[in-house]
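Heads up, the thing below is written out as structure tokens.
The values are calculated or read from the model by the stated rules, or taken from the named source; none is laboratory data. Being a predicted model, the structure only gives us computed values, none of them experimental. No Cβ is skipped: glycine too gets one built from the backbone with ideal geometry, and neighbour counts run over all protein chains shown. We work out accessible area using only protein heavy atoms, side chains counted, and drop any ligands, DNA or RNA first. Shrake-Rupley method; radii C 1.70, N 1.55, O 1.52, S 1.80 Å.
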Amino acid sequence: MRRILLREGAALYFSPMPRPTLSPLSNVLREAYSPSRFESEGQQVLTNVAEHLKQAQARSRASSYPAPAPEEERAFWENPDHHPSDMHALHGRVIARSNHLHDPRYMGHQVAPVLPVSALTGMVTDVLNNGQAIYEMGPSNAVHEELLMAELGAALGLPQGCGGILCHGGTLGNLVALMAAQRRVALDLGVDSWRDGIHAFPQPLVVLVSERAHYCIDRAMRILGWGAAGTVLVETDKRHRMDVVDLRAKLDACAAEGKRVLAVVGSSCTTSAGAFDPLDAIADECVTRGVWLHVDGAHGAAVAFSPAHRHLVAGMGRADSVVMDFHKVCGLPALCTGVFYQRHADSFLPFSQHAEYLWDNATDLDWWDTGKRTLECTKRMLSTRLAAIQSEYGWGIWGELVDRMWELGKVLAAIVEEREHWELAMVPQANIVCFRPAPRGDLNHDAWNRTVKALRKRHLSEGSGYVVQTEFDGAVWLRCTLMNPLTEEKDLVQMLDEFESLLPSVMENMAGL
């Protein structure tokens, strides 16, 4: 058949285009997608990872933190002699040169030693790769997300009718929750902030948050366009919890200065010290003043699953929104964060994006199209990971994890207090413990801070475990986050003994500077 194109009344004739033919599938692609090859290679990967878990739990490696300086690590991977010959060689080198979170001596950051069943679930969801934005892209995980977020929200203490969404990380989750709070303020004022941005507001908006809160709250306010002035810091007490008296004063001051409060953010718990803000008292202030209460529970909201520790988040169920990271205390792989709302419909507040290729109407409250409620369009099958935990263990395992980790924190604090010439920054409320050798010798305050920093660096290179550092009121402290339920008291003692043995030479070096 010939194609005809009419131009200015004249018929132009073209020869027919040849029909394209499909080339045979290459052997490389056929082999890459082979189920039998996947099965055989998968068995080897499973064996290798299981061996890693055995070695880590047996503390058989010299250290849980094998990394050299950044430039040394870069030089290793740039060296052609170190280029892996195949996938298994790569895996072996990555395992050997990565942090070993399943080693009970790893006591550094707030990252979970993953429950192995979650890793297996990840293999399934990675193969399925049902990216989630609309129901048609990921039907099973869209429904799981809706059901599980309501169930988990109720477990956190939120009322019937709660709900929420899953996203990738607490920083993103806190941003989205504050976007919802900002949209609520806009609706109350009768302005369209989605169309006009921050210029729609007749007065500047601020968030009130503890001076010990995670930096992502300040970052969120800057992203929203309110700059450094958008975050008002509230003083803390001796245990680093928000001071409600100062909260009242700051709320009054904001009103007097013509500022509108977007939200008050309570921390459960703070990253630096593991302090739980008094949520009930904060909620009283928010209810009285008609202010949105948001709880950053990225690390500590999981205590709600422990009958012995849920008192630490009393009042959380009164919050308008709560963020909780499942990849911290709950043992899931990063990243998996829940953004919970007291009212399910509030989860639609942050966004009202028109996307004709995804949904018909941006304003319809279609719970099955999660892209309407998240910053991400495509996201991983996060709810399947939660469903796997529920199916295999039930939510009770999170309470057991909390009880074990929090107990480890208390034990470490007790050992530090019993040890001569050591001190705690504060009595821990969580699995985060801050401590250091008490100042000794004739070193002044600044010199002792430098000594503590140098001691940690020496421990990184010569010790068996991994510990980080933090700073309170100008004083530097060592900081442990006890995330591994397999950690024993002997590991805590060994860590302190190592620091003690390294201290004299570190002090000698500092005295010579």
Options ARG184, ARG239; residue that is over 14 Å from ILE282 (Cβ atoms) and assigned to a helix (DSSP H, G or I): ARG184
Flag for SER464 being surrounded by 16 or more Cβ atoms within 10 Å (Cβ to Cβ) and among the polar types (S, T, N, Q): yes
Subset of region 188-212 (residues that are outside any helix (DSSP H, G or I) and touching a Leu at 6+ places or on another chain (Cβ under 8 Å)): PHE201, PRO202, LEU205, VAL206, VAL207, LEU208, VAL209, SER210, GLU211
Test: residue in region 32-40 that is out of contact with any His (no Cβ under 6 Å at 6 or more places or on another chain) and within 30 Å of LYS328 (Cα to Cα): no
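Take ILE397 and decide whether it is farther than 28 Å from PRO66 by Cβ, of a type in the set (A, V, I, L, M) and outside any loop (DSSP other than H, G, I, E, B).
yes
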Options VAL303, VAL245, VAL261: the member that is among the β-branched types (Val, Ile, Thr) and either in a strand (DSSP E or B) or over 30 Å from ALA413 (Cβ atoms) (or both): VAL261
Residue list for region 205-254, filter: open to solvent by 10 Å² or more (accessible area, probe 1.4 Å), hydrophobic (A, V, I, L, M, F, W, C) and under 18 Å from ALA275 (Cβ atoms): ALA213, LEU233, VAL244, VAL245
Every residue from region 141-159 that is part of a loop (DSSP other than H, G, I, E, B) and over 15 Å from ALA301 (Cβ atoms): PRO159
Unmet requirement for TYR135, which otherwise passes all of (1) at pLDDT 95 or above; (2) over 22 Å from the mean Cα position of the chain (by Cα): (1)
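Taking the conditions exactly as written (within 19 Å of LEU101 (Cα to Cα) and open to solvent by 40 Å² or more (accessible area, probe 1.4 Å)), does LEU486 satisfy them or not?
So LEU486 fits the description; yes.
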Residue count for region 160-218, restricted to those that are without any contact (Cβ under 8 Å) to a residue 60 or more places away in the chain, within 16 Å of ALA319 (Cα to Cα) and not hydrophobic (A, V, I, L, M, F, W, C): 1
Qualifying residue in region 125-137 (condition: touching a residue at least 24 places away in the same chain (Cβ under 8 Å), crowded, with 16+ Cβ neighbours inside 10 Å and β-branched (Val, Ile, Thr)): yes
Some residue of region 492-505 being out of contact with any strand residue (DSSP E or B) (no Cβ under 9 Å at 6 or more places or on another chain) and small (Gly, Ala, Ser): yes
Cβ pairs under 9 Å, 6+ apart, first in region 308-327 and within 22 Å of GLU285 (Cβ to Cβ) and assigned to a loop (DSSP other than H, G, I, E, B), second open to solvent by less than 20 Å² (accessible area, probe 1.4 Å) and of a type in the set (D, E, K, R): ASP320/ASP346
Selection from region 163-172 of residues that are open to solvent by less than 10 Å² (accessible area, probe 1.4 Å) and part of a loop (DSSP other than H, G, I, E, B): GLY169
Residue that is surrounded by the most Cβ atoms within 10 Å (Cβ to Cβ) [pool: residues in region 56-106 that are touching a residue at least 40 places away in the same chain (Cβ under 8 Å) and not in a loop (DSSP other than H, G, I, E, B)]: TYR106
Residue count for region 358-405, restricted to those that are modelled with pLDDT of 95 or more, surrounded by fewer than 20 Cβ atoms within 10 Å (Cβ to Cβ) and closer than 26 Å to ARG343 by Cβ: 3
Residue check, ALA273 assigned to a strand (DSSP E or B) and touching a residue at least 12 places away in the same chain (Cβ under 8 Å): no
Of the criteria (1) surrounded by fewer than 22 Cβ atoms within 10 Å (Cβ to Cβ); (2) under 26 Å from the mean Cα position of the chain (by Cα); (3) of a type in the set (Val, Ile, Thr), which one THR288 fails: (2)
Failed item, numbered, when MET507 is tested on (1) in contact with a Gly (Cβ under 7 Å, 6 or more places away or on another chain); (2) open to solvent by less than 30 Å² (accessible area, probe 1.4 Å); (3) more than 28 Å from CYS330 (Cβ to Cβ); (4) aliphatic (A, V, I, L, M): (2)
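Suppose we filter ALA308, ALA298, ALA275 for residues that are of a type in the set (Gly, Ala, Ser), farther than 19 Å from GLY164 by Cβ, surrounded by 24 or more Cβ atoms within 10 Å (Cβ to Cβ) and at pLDDT 95 or above; which single one remains?
On the way: ALA308 fails: surrounded by 24 or more Cβ atoms within 10 Å (Cβ to Cβ); ALA298 fails: farther than 19 Å from GLY164 by Cβ.
Result of the check over ALA308, ALA298, ALA275: ALA275.
Residue-wise test of (1) at pLDDT below 95; (2) surrounded by fewer than 19 Cβ atoms within 10 Å (Cβ to Cβ).
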{"residue": "GLU423", "(1), (2)": "no, yes"}
{"residue": "ARG436", "(1), (2)": "no, no"}
{"residue": "ASP446", "(1), (2)": "yes, yes"}
{"residue": "MET495", "(1), (2)": "no, no"}
Cross-chain or 6+ apart pairs with Cβ under 7 Å, region 378-392 first and of a type in the set (Asp, Glu), then part of a helix (DSSP H, G or I): GLU392/VAL117
